[in-house]
1. Working out 0.36 nm times the residue gap between R96 and S15, then minus their Cα-Cα distance, what length gain in nm do you get to one decimal?
2. Write down, largest first, the equivalent ellipsoid semi-axes of region 1-61 in whole Å, where each equals the square root of 5 times an eigenvalue of the alpha-carbon gyration tensor.
3. Counting other Cβ atoms within 10 Å, keep those with at most 10, restrict to DSSP loop, and tell me which GluC sites (Glu not before Pro) in region 77-158 are left.
4. Between helix 125-137 and the chain, what is the angle of the helix's C-alpha long axis to the longest principal axis, kept within 0 to 90° and rounded to the nearest 10?
5. So for the chain, taking the charge dipole from beta-carbon charges (+1 Lys/Arg, -1 Asp/Glu), which of I21, G35, G8 sits furthest toward the positive end?
6. Convert 4 °C to kelvin, take the viscosity as 1.567 mPa s, use the Kirkwood radius over C-alpha pairs of region 139-196 as Rh, and evaluate the Stokes-Einstein diffusion coefficient in µm²/s, rounded to a whole number.
7. Could you give the dipole magnitude of region 1-116 about its Cα centre, charging the beta-carbon of Lys and Arg +1 and that of Asp and Glu -1, in debye to the nearest 20?
8. Dimensions of region 84-196 along principal axes (Cα, Å, largest first)?
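Every read-out reported here was derived from the displayed coordinates using simple, explicitly stated rules and does not represent laboratory data. Note that the structure is predicted; figures quoted are calculated from it, not measured. A quick note on method: Cβ atoms are made from the backbone with ideal geometry, for glycine too, and the neighbour counts reach across all protein chains shown.
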Amino acid sequence: VVRAILAGTDTPLVSRWGHIIMRRALASRLETPAGMNPVEFAALRAGALNRMGEYAVARALIQDVDTGNWTVELADEALTAFIAEADPVGVCPYLRLQGPPEASGARAAQWRMMSAICNAYAGEGALAGSQLDAALSEEVAPAIDILLARRFAGAAGRGQRAVSLEWKGVEELTPWRFALANAVGEPLANALLDGL
């Protein structure tokens, strides 16, 4: 029942007070239900918080779990929360310990770019640069996403070259683009902001 309720909470709640009570309940230190893995319980709670738009609370909950114990599901919720909080390097300890999780589509591309970013912040700027160059040439994600990742990785220090960002042709503002643009101080195109 707990698993179904948490997985079924997929949008913000209509009731303001219901939202507040749900947020507080999910953020509290709760005993894991019998028969459920504690990390799975944390992942389900973090996922519900993310879907409610409570990214800071989800991030705090996730940070209570040792990185070595993260599952793929918890790591995925962590990436969502850390990107929404404009602090993507929060997933770096997980990536350094366990490597990128299995994923597909846009999420796989984000994990690949995050691996490069984490390498840059671990002092491996040349490796990060070559990984992002490969991602750009293989077109694993839209060019703007990879260029933002390159600019963010370049902030870690040596080994990165200047990156020029061109918003022309970019029609959608995603959490990834918003977070990384803000993190590197890149102004967003007015056309992207008009439709928010």
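1. The R96-S15 span can extend by a further 25.1 nm.
2. 18, 12, 10
3. E102, E139
4. 90
5. About the Cα centre, the residue reaching furthest to the positive side is I21.
6. Answer from the Stokes-Einstein relation: 109 µm²/s.
7. 240
8. Taking max minus min along each principal axis of the Cα atoms, region 84-196 gives 41, 29, 28 Å.
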